[in-house]
Amino acid sequence: MAAEGEDYLIARLGAEMRVHLDGGGADPTAVLLPFDGLFEVRVAAALRLWRVLNGRHPGRNPAALSVARRNRLILALRALDGRLDGATHRMIAAALYDAEPIPERDWISHELRDRTARLVRLGIAMMNGGYRRLLLHPYRGRS
């Protein structure tokens, strides 16, 4: 039995997984999972690993951001750039949504006003350290 294990990167069928083998040589190979707050996440990862090792499609990566979430983050960063350059929310909305300039009297009740304000707030929150929450996705609240 090896005192120190070995780490491997398995890349098959579009999935990359890091595996640590302890050198115990168990037959059949086994996965050891602690019963902690991340148990469900670990089970899903073990199932994805088993699928890949058996030549099957691994399934969806639970840690990947959805396309909608990614697009919202991109818009938030663009809104933040505009705000830091001194653009008004109306100017940001026109640039982000490729909209015609919205008249001042219509801006107060326009749907893009609130949406743009939320994007600017999200961008500012990310700039002030909120980007670290992306590292926790999808494991927030599971410690």
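The values are calculated or read from the model by the stated rules, or taken from the named source; none is laboratory data. Here the structure is a predicted model, which means the values were calculated and not measured. All Cβ positions, glycine included, derive from the backbone under ideal geometry; neighbour counts span all protein chains shown.
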- Message: If I filter region 96-115 down to residues being more than 19 Å from R72 (Cα to Cα) and in a helix (DSSP H, G or I), which single residue comes out as nearest to the chain's Cα centre (by Cα)?
- Response: W107
- For region 85-143, name all the residues that are at pLDDT 95 or above and of a type in the set (D, E). D85
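Those residues that are assigned to a helix (DSSP H, G or I) and either small (G, A, S) or surrounded by 12 or more Cβ atoms within 10 Å (Cβ to Cβ) (or both), I need them from region 52-69; list them, please. Step through it out loud before you land on a result.
Taking region 52-69 as the starting set, the residues that turn out to be assigned to a helix (DSSP H, G or I) are 52-53, 67-69.
Those that are assigned to a helix (DSSP H, G or I) and either small (G, A, S) or surrounded by 12 or more Cβ atoms within 10 Å (Cβ to Cβ) (or both): V52, L53, A68, R69.
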- Query: Only one of (1) in contact (Cβ under 8 Å) with a residue 24 or more places away in the chain; (2) in contact with a Pro (Cβ under 6 Å, 6 or more places away or on another chain); (3) aliphatic (A, V, I, L, M) fails for V19. Which number is that?
  - Reply: (2)
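Could you list, in sequence order, all residues of region 76-95 that are surrounded by fewer than 19 Cβ atoms within 10 Å (Cβ to Cβ) and part of a helix (DSSP H, G or I)?
So in region 76-95, the residues surrounded by fewer than 19 Cβ atoms within 10 Å (Cβ to Cβ) come out as 77-78, 81, 84-88, 90-91, 94-95.
Once the filter is applied, which keeps residues that are surrounded by fewer than 19 Cβ atoms within 10 Å (Cβ to Cβ) and part of a helix (DSSP H, G or I), region 76-95 yields L77, R78, D81, L84, R90, M91, A94, A95.
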